[in-house]
Every structure is written in C-alpha cells, then in structure tokens.
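The values are calculated or read from the model by the stated rules, or taken from the named source; none is laboratory data. Since the model is a prediction, treat every value here as computed from it, not as a measurement. All Cβ positions, even for glycine, are placed from backbone atoms using ideal geometry, and neighbour counts span all protein chains on display.
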Ligand SMILES: Cc1cc2nc3c(=O)[nH]c(=O)nc-3n(C[C@H](O)[C@H](O)[C@H](O)COP(=O)(O)OP(=O)(O)OC[C@H]3O[C@@H](n4cnc5c(N)ncnc54)[C@H](O)[C@@H]3O)c2cc1C
Ligand code: SF4
Ligand code: SF4
Ligand code: FES
C-alpha cells in the first residue's frame, strides 16, 4: 500500500479535483437521516455520519432502471445503458466490504454489464468511522477495508492519513501532488493509536463462529414464528441492506403496443410473491419461511464470506424493531 | 465491447404444434449467424424466452441439438408469458438468452444404467437426456424410462413415445408408461396391447416391473414437486445412493444467471441458486440443503 497525507485545509481543493473525475457524491444530512447525495464542496458533507439509510449499492444496482428497449416492428432489442463517471466520497469500511461481496455476485463468470460498467466508472473514496450501538462489523471482520477502494481517508488531528488502494487512486494522487505530503513517523503513530482506540469502541458483539450450523440446526425453531409474528413483511430490511441484491423484472409497453422497455427494480425476499412458482405454489408461503430464509441467506457462506457486514441498518430501520443480532443470539440459544 | 447477457437475441419460430390442450411444441431458430454457430446446449439446461411487452420465462430444451442455431421447446400454458408463446405464429420473433444451468452430468453417468423417471411436463427435459443417451448408445448400459401421465390426452410426444413403448427394446431402451385415470379408454387399450410395459397407477408403481441394480444405476427424475418425494423413497428402498439420484428443480427465475436472487434455496450451511448451481441437483444435495424438495 502507498500512504500519503492530505492536510485538512486542502480537503476542499481535493474535492474540486475529484469533480474532474465525475459527479461527486457524499454523505449529506437530510432531516434525521443521512444519504449519499451529489455535493459541490466538502462543507456540504457530514463526514461524521453514522450510516446512510440507503447503502452505496444504489449507485451500481439502481433502485429502478431500464435494461433495454424493444421494438416489435423493427424487430430489435436495443441497449440503452449510458456511461457516467462518478466519485463516491466517504464510504465506510462495512459498505466497501459489502460492495466487494456484491462484486462476487454481479461480476462472476456471467458478469452483469450494468453493474460492472458502473463499478468501473466509479472512484471509491473510503472514510474511517466510529461505531455506534448498532454496529457489529467488528464481529464480522468488516470494520476495516483492506482493499476495495481507490483512496481511503483516516482522520488525523491536522489532516487525513490516506491509503492509496489502486492505480486509479494513485493517478488522482499524482494529479494533486501539490496538495499532499509524505507521511511522517508521527502521522503513522497517530493513525495506529486511532485504530487501536477504535477497536475498543465496539459495544455490540455477534458470535459468528459456527453460525451456519446454528442456523441449519434452528431450522424448525420457534424463533422464526416469534419474530414472524412481529414482522410487517414490509421489505425495508432488504432495501437498506448493503448486501441484499434481489431484483424483479417488468416489461412496459408503449401505447402503440409494438414497442416498450424492460425494467428491473430492487426486490425483497420478505414479500409474498418472491417465492411463487407455477400453479400458484409458493415455496415460502408465510412470513415464518420468509424471515427464516432471509437469516439463512445472510448467514451462509455461499460467496465464501457471510452475506452480512454488520452495518446495523436492518435493525435501525425495521419499523417493528426486530433486532438482527438478538434474533441470531436466540438462534444460538444465548437468549 | 462487453457482452450484455441480459439483452435477448432475436430468434424466430419455425415450428409450432399443438400437443395437448395446454402444451405446445415449438422449434426456434436464432437469427444471428455467428451466434447460431456457438449456440449449443446440454440435456437439463434451459433458455430464457422473451416475448416483447409480456416478459420472460425459463424453458428447458427438450431435445439435443441436431441443427445449428435451432432449439426445441415444449411449453405449457400457465400464465402471461407462456400464453403469449402459445399464440405465436410461424415466423414470429422472440428473444432468447442462454443456455443456462448446469445440465445433467452425461459424462459422469457413462458406463452405468440409466433410469429416467418423468411425470407430466417433466418428460420434456428428460427427452433430451434420452435422445443424448440413445445417440451415444454404446456409452451406457441399460436405459429404462418411466413416464407417468394422468390421461392419454395429457401425454406428450405421443407418436414418439408410443413407438418406444411398442418397439423400445429394438431402439435401445425399455419404455414404461403409467396412467392415473383408470377409466381412460385409450390408456386401457394401450395397457391391453402392452401389458408388460403399461399399467394403471402413479409412476412409482412401475418400480414393481423392474429389477434395479443399485451399484451401477443413475436415476434421473423430473416432474411435479410432489413426485420427487415418492420416487426418491422408492429409489432409496432399492438402495440407489443419494449422489446417484439426479433431479431437476423449478423455481421462479428472473435472471437465470445467479443475480436476481429469486431462485435461492437452502439454509446457512448450504445456500444454492437453482439457476446456476442447478437446476439439476442430486438427492444428496437435497439431503443437506433444506427446502430443496
Ligand atoms: C429451469 C426451468 C425450466 C423450465 N422448463 C419448462 C419447460 O420446458 N416447459 C414449460 O412449459 N415450463 C417450464 N418451466 C416453467 C415456466 O418457466 C413457467 O411456467 C413460466 O415461467 C410461467 O410464466 P408465465 O408468465 O406464463 O406465468 P405467470 O403469469 O407469471 O404466472 C403463472 C403461474 O406460474 C408461476 N410462475 C411465474 N413465473 C414462474 C417461473 N419462472 N417458474 C415457475 N413458475 C412461475 C406463477 O407463480 C403463477 O402461479 C421451467 C421453469 C424452470 C425454472
Ligand atoms: S424491516 Fe422488519 S418488519 Fe419489515 S420485513 Fe424486515 S424484519 Fe419484517
Ligand atoms: S443483514 Fe443487516 S446488519 Fe447485516 S449487512 Fe444487511 S442490513 Fe447490515
Ligand atoms: S434466477 Fe436469478 S438468481 Fe437464479
């Protein structure tokens, strides 16, 4: 890794430079929530944010998007994907690790062009954070981003300790060589001390050892019914989860009935129609099966790591106050 | 330019024949010559069929490839997309993507007996397995087919299967037929003609008719979900090991390539995408993946 230092007074000039690499988005406070929004300067951002409601997945897997248009008379399917360069500033380590997980799914042996192109057209600037009472990324090992970013900023008293994570990041750093400095021994010591301190700030713990077996063994457990009775089946937990990526597809026809478009939008496994198959048979007919399915999916190693990064969003934004960590503690028999 | 796997490729209907009240046979040919060259598929794989303005549905190949760029499908009319497919004329344009899915391990099964058990529409994907095995006849030992229908009217590929029933042994396979409606006249007369190969009852009854050697037999099952449990029970009684029982599953699919998450099944220890880890799984997979069958 290459390390450099960005003095605090140069942050705005740095953001100005980033604008030449695409539209810059950063965490902005809206009411009582945080959201990644387009920004013009660093002052519009709330870099001390806890978590955004909608994770950065929205930049790569759009909440709703057109896949292509079709025209029956011309006999054509036409791709309408447009390239746009963006910079996402201030992503926390859990969300960077979530994007790495999404990459495994969307950029596999049959890559999704929409997702892949957007990932390639984005600059990821990570930002160090401090946990609140809902964060348990520490338990999952996702509280540190070892890679998956172009640049990563850790706050120091008088500047930022910057990790340069890619050639793209390095190119940016070379463009702004007059804004940055070499790191000194005292910067390194300050960074290390801050990381040591941060490790001790976590209050919420989730024991993930053997979690896959614990889930399989609790398949018939009463836990699912207990929480299914509280669950509204609203799907908010899926929408806010940085690793939930189910989508649904619909075709829209124009008035001439000959042309139209195919759309996809984020979907939710907590909704009834997600498990339907031919003849109206439903493999997950009740909320019990759907809730259990969500926890088993999150707690599996299908993509070599658990499908959860411990961001706490599903607990924070559940209208029924279903606590993700509490459910898993019950699954294990700790509660 | 990177390929867009979600963008369908144009194909036209070259054949469309009514098979039963709700099933049609379709032959489809892709338009793009370059794509036709590389478009190939294995038994057990499926394609995504798009009808402009209606949507997309996964449909299994029901034959092996005999002509470049051509694929045979057997479609049951159950809803929006499949209904639209039924109303296509010769020459109509559709979109296709694929082939997708793992397919049956035809090479792994070489040197063994094959027992194909099909119920209803499940015979469509198994027909491609049968065609493959008969084309490569020397590579397999005995080939036995069980096909369960409700009534004569619901029987798919009637001429072809009647032929196999009557002369199957000469053509290289032992073909057995079961029917559920005990009052069905045509079935009764079929049974009278070929009493040793045709009987009334559910498909599992046909197990009474054969001697199965569990040490060198692969079973391949496809049918409605309820059928799997009973067929697997029979096979287990006959000591066919779980890893030699193959079945193909159906789930609602929105992508076919492991992205949309609709076909995910299982528990923490084993999560599977039916579309890309399957749709063909072994009974062993089902034993350690909750909710599979
Ligand atoms: C791997 C695979 C292979 C298949 N092979 C064949 C085949 O060879 N021939 C054939 O006729 N059918 C096959 N099917 C089933 C076929 O895909 C569905 O019947 C079809 O998608 C229904 O779409 P529709 O728009 O006509 O129905 P809809 O109007 O969407 O719905 C009608 C009913 O079908 C259910 N349904 C909707 N979409 C699906 C889906 N993708 N899979 C299962 N059920 C669904 C709905 O819940 C509803 O009960 C296969 C399915 C899979 C997963
Ligand atoms: S957010 Fe809460 S109430 Fe809504 S579906 Fe998820 S668990 Fe159920
Ligand atoms: S399951 Fe909950 S805690 Fe885990 S990544 Fe998703 S939203 Fe965050
Ligand atoms: S059909 Fe989309 S993941 Fe399997």
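Residue-by-condition table, conditions (1) buried (at least 24 other Cβ atoms within 10 Å of the Cβ); (2) at pLDDT 95 or above; (3) within 16 Å of ligand 1 (Cβ to nearest atom):
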| site | (1), (2), (3) |
| --- | --- |
| B:210 | no, no, no |
| B:221 | yes, yes, yes |
| B:227 | no, no, yes |
| B:232 | no, yes, no |
| B:243 | no, yes, no |
| B:247 | yes, yes, yes |
Among the listed residues A:327, A:250, A:309, which satisfies the condition of being assigned to a strand (DSSP E or B) and under 27 Å from the mean Cα position of the chain (by Cα)?
-> A:250
The lone exception for residue B:72 - which of (1) within 14 Å of another protein chain (Cβ to nearest Cβ); (2) part of a strand (DSSP E or B); (3) more than 20 Å from residue B:278 (Cβ to Cβ) it fails | (1)
Within region B:35-75, residues being within 16 Å of ligand 4 (Cβ to nearest atom), at positive phi and over 16 Å from the mean Cα position of the chain (by Cα) number 1
Residue A:242 vs (1) more than 16 Å from ligand 2 (Cβ to nearest atom); (2) buried (at least 19 other Cβ atoms within 10 Å of the Cβ): all pass except (1)
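When the residues of region B:255-268 are filtered to those that are in contact (Cβ under 8 Å) with a residue 24 or more places away in the chain and over 17 Å from residue B:281 (Cβ atoms), which remaining residue is farthest from the other protein chains (Cβ to nearest Cβ)?
B:255
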Hits in region A:241-256 - residues which are within 14 Å of chain B (Cβ to nearest Cβ) and within 16 Å of residue A:307 (Cα to Cα) = A:241, A:243, A:244, A:245, A:246
How many of the residues in region A:281-302 are at pLDDT below 85 and in a loop (DSSP other than H, G, I, E, B)?
-> 5
Only residues that are away from ligand 3 (no atom under 16 Å from the Cβ) and touching a helix residue (DSSP H, G or I) at 6+ places or on another chain (Cβ under 8 Å): list them for region B:252-264, please.
-> B:252, B:258, B:259, B:262
Test result for residue B:63, surrounded by 17 or more Cβ atoms within 10 Å (Cβ to Cβ), in a strand (DSSP E or B) and more than 10 Å from chain A (Cβ to nearest Cβ) | no
Answer yes if at least one residue in region A:256-277 is farther than 30 Å from residue B:76 by Cβ, within 12 Å of ligand 2 (Cβ to nearest atom) and surrounded by fewer than 16 Cβ atoms within 10 Å (Cβ to Cβ), and no otherwise.
-> no
Answer yes if at least one residue in region B:79-92 is part of a strand (DSSP E or B), outside the structural domain of residue B:131 (by TED's automatic domain parsing) and either on the phi > 0 side of the Ramachandran plot or more than 9 Å from ligand 1 (Cβ to nearest atom) (or both), and no otherwise.
-> no
Here are some conditions: (1) under 24 Å from residue A:149 (Cβ atoms); (2) within 14 Å of another protein chain (Cβ to nearest Cβ). Residue A:211 meets all but one. Which one does it not meet?
-> (1)
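If I go through region A:77-100 residue by residue, how many of them are part of a strand (DSSP E or B) and exposed (fewer than 15 other Cβ atoms within 10 Å of the Cβ)? Let's see the steps before the verdict.
Of the residues in region A:77-100, the ones part of a strand (DSSP E or B) are A:77-79, A:86-91.
Now narrow it down to the ones that are exposed (fewer than 15 other Cβ atoms within 10 Å of the Cβ): A:78.
Residues meeting the conditions: 1.
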If you take the residues of region A:225-246 that are within 16 Å of ligand 4 (Cβ to nearest atom) and in a loop (DSSP other than H, G, I, E, B), which of them is nearest to residue A:98 (Cα to Cα)?
-> A:243
Would you say residue A:66 is more than 16 Å from ligand 1 (Cβ to nearest atom), touching a residue at least 60 places away in the same chain (Cβ under 8 Å) and touching a strand residue (DSSP E or B) at 6+ places or on another chain (Cβ under 6 Å)?
-> yes
Would it be correct to say that residue A:268 is modelled with pLDDT under 95 and over 30 Å from residue B:53 (Cα atoms)?
-> no
Is it true that residue B:196 is more than 14 Å from chain A (Cβ to nearest Cβ) and over 19 Å from residue B:289 (Cβ atoms)?
-> yes
So residue A:290 fits all but one of (1) within 25 Å of residue A:272 (Cβ to Cβ); (2) more than 13 Å from ligand 2 (Cβ to nearest atom); what number is the exception?
-> (2)
Return a yes/no flag: does region B:7-21 have any residue that is within 22 Å of residue A:109 (Cα to Cα), in contact (Cβ under 8 Å) with a residue 24 or more places away in the chain, within 12 Å of chain A (Cβ to nearest Cβ) and touching a helix residue (DSSP H, G or I) at 6+ places or on another chain (Cβ under 7 Å).
-> yes
Check whether at least one residue in region B:157-170 is part of a loop (DSSP other than H, G, I, E, B), free of Cβ contacts under 8 Å to residues at least 60 places away in the same chain, more than 16 Å from ligand 1 (Cβ to nearest atom) and away from chain A (no Cβ under 14 Å), and report yes or no.
-> no
Residue within region B:112-129 that is out of contact with any strand residue (DSSP E or B) (no Cβ under 9 Å at 6 or more places or on another chain) and either farther than 29 Å from residue B:22 by Cβ or not in a strand (DSSP E or B) (or both) present | no
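Quick check, is residue B:132 within 22 Å of residue B:196 (Cα to Cα) and away from ligand 3 (no atom under 16 Å from the Cβ)?
no
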Does region A:218-240 contain at least one residue that is within 16 Å of ligand 3 (Cβ to nearest atom) and at the interface with another protein chain (Cβ under 8 Å from one of its Cβ atoms)?
-> no
Can you name every residue in region B:182-201 that is touching a residue at least 24 places away in the same chain (Cβ under 8 Å) and buried (at least 16 other Cβ atoms within 10 Å of the Cβ)?
-> B:184, B:187, B:190, B:194, B:197, B:198
